[in-house]
Every structure is written in structure tokens, then in C-alpha cells.
Amino acid sequence: MSITLNSITGKNISIYKSKKTIPVFIAGNGAIGGTLIRQIKQLDNPLFRISIIGVCNSKKVIWNPDPDLIHEKLRYSDGETNWENITNKLARYPEGLIFIDATGSEIVARQYLKLLSKGIHITTPSKRANTFEQNYFEELKAFQKPGKAQYRYETAVGAGLPVINTINNLIESGDSITKISGVVSGTMTYIFNQLQQGIPFSKIIKSAKTEGYSEPDPRDDLSGEDVAR
């Protein structure tokens, strides 16, 4: 970004600021991860650019991929998803690296504390880690304090609306929340609306998964597991 201005001294002044590069590693290249990759490719921000340094699924990993060839390269990659190796490699990157968990995997969620302890920020739409044992959640919450690697999960509820941040701000300002009401499952609402239109159940489930309405495994929604989380 560059700025040219006329100062009160009468001299022309030019200010140039290069784009900040934000490195990210993405776990999961399904409906959510794949959409995120497309959005990053289309992003054109004058202040920063996002660099995808690696992508993995449950079996394979690739590093420094061409954004246009991620899905193809991952399919034929020889690199195996070994979380000890991945964590150690990510820890060697400069400060500011963000780990994005776009999976619904318990295995991935169990890596959070190790990643955070190595200074790696985490952001995720997954509820998994927040529904483990209480002490695990409390340890994760401790990483939301200034000066530490950050753990963020705003998109885990509310279809991406800033619900979590709003609640936290209210509590920090001294307010007491006495009641929260809302639709507890956007997925089930979508399914019921489609059923009322006479669409076959099997087709609805397939559509919900393809369009990203459901969890990676739709059985989590149908069993009530996702609502419980």
C-alpha cells in the first residue's frame, strides 16, 4: 500500500507499506476447508495476504502447495499425516502462524494444547475441543489472554455470527446473562424445511453435506450429538 500526500511544509511525501504476510496451515480440505482455500485464493486485501504453507487431511499432508493444485497434490502426496512431525515443523515457523482446523476430528482437536504451547495460533469452526473434559477446555481458554498464542472458535456456533465475542464482551463489562435462546441446530432446521417441500430424505442429507450445512459426518447432526456439543 502506498500513500502520497502534500504536507504543510509544502513537500510531497510518499509512504509505502508492504503487505503483511500471514502464514496458515489448514487441516481438512473437505466442504469447509475447500471453501476456505477458495476464499483465500480470491482474497485481495491491501494490508495483508494469506499464505497457505501446508494442508493435510486424515491421511496425507503437503507443504508450500500451489493454491490452484491443492486438492490434486494432496490426493497423490507421499507425505503422511504424522502429528508429531507436523507440530514440530510448524513450531519452526516465525511468530504469527495460524493453524486452522476445518475438520471434525477428535485426533486433530487433541493437538491444540501442544500447538498453542509452541506459540501457534488456532482458529476453528469445530466444537470438538470445547466438549472434551472441563480441564482441557479451561487450559484452552487460558490461551485467549493477551501475549499468548490465541485460541479462537467464533464460527463454532451461530453460523459464523459473532455470538461468542458478543457474550464475552457482555460478561467482561459486568453484565450477567440470565437466558440465551435460539435455534440450536441450523442443520436440522434446513432438513425439516426441505422435508416440508417433499424432497426425499436421502437427497436432503446429501445436499446438506455438499453445501456445508451439516457436520462432516451428518450422523453427528441426526443423532443430536452436535446439538449436545
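The values are calculated or read from the model by the stated rules, or taken from the named source; none is laboratory data. Every value quoted in this text rests on a predicted model; they were computed, and no experiment measured them. Methodologically, a virtual Cβ is constructed for each residue, glycine included, from the backbone with ideal geometry; neighbour enumeration extends over all protein chains shown.
Kindly establish whether Gln150 is crowded, with 16+ Cβ neighbours inside 10 Å and out of contact with any Asp or Glu (no Cβ under 8 Å at 6 or more places or on another chain).
no
Scan the range 66-97 for residues that are of a type in the set (Asp, Glu), part of a helix (DSSP H, G or I) and under 30 Å from Gly147 (Cα atoms) and jot them down. Give the steps one after another, and end with the answer.
The initial filter retains those residues of the range 66-97 that are of a type in the set (Asp, Glu), namely 66, 68, 72, 78, 80, 84, 95.
With part of a helix (DSSP H, G or I) added as a condition, the list becomes 68, 72, 84.
Across the range 66-97, the qualifying residue is only Glu84.
Scan Ser77, Ser126, Ser51, Ser58 and give me the residue that is touching an Asp or Glu at 6+ places or on another chain (Cβ under 6 Å), touching a residue at least 12 places away in the same chain (Cβ under 8 Å) and polar (S, T, N, Q).
Criteria check complete, one pass: Ser126.
Looking only at the range 86-130, filter to residues that are polar (S, T, N, Q) and surrounded by fewer than 16 Cβ atoms within 10 Å (Cβ to Cβ); which one of those is farthest from the chain's Cα centre (by Cα)?
By that ranking, first place goes to Asn88.
Let me confirm something: among Gly160, Gly182, which residue is over 19 Å from the mean Cα position of the chain (by Cα) and either under 30 Å from Glu95 (Cα atoms) or loosely packed, with under 12 Cβ neighbours inside 10 Å (or both)?
So the residue among Gly160, Gly182 that is over 19 Å from the mean Cα position of the chain (by Cα) and either under 30 Å from Glu95 (Cα atoms) or loosely packed, with under 12 Cβ neighbours inside 10 Å (or both) is Gly182.
Show the residue pairs meeting these rules: Cβ distance below 8 Å; 6+ apart or different chains; first residue within the range 89-100 and in contact (Cβ under 8 Å) with a residue 24 or more places away in the chain; second residue part of a helix (DSSP H, G or I) and not polar (S, T, N, Q).
That search, which allows pairs on different chains as well, returns Leu90/Leu115; Leu97/Leu90; Phe99/Leu90; Phe99/Leu115; Ile100/Gly33; Ile100/Leu36.
Do you know which of the residues in the range 62-82 that are of a type in the set (S, T, N, Q) and under 22 Å from the mean Cα position of the chain (by Cα) is modelled with the lowest pLDDT?
Asn64
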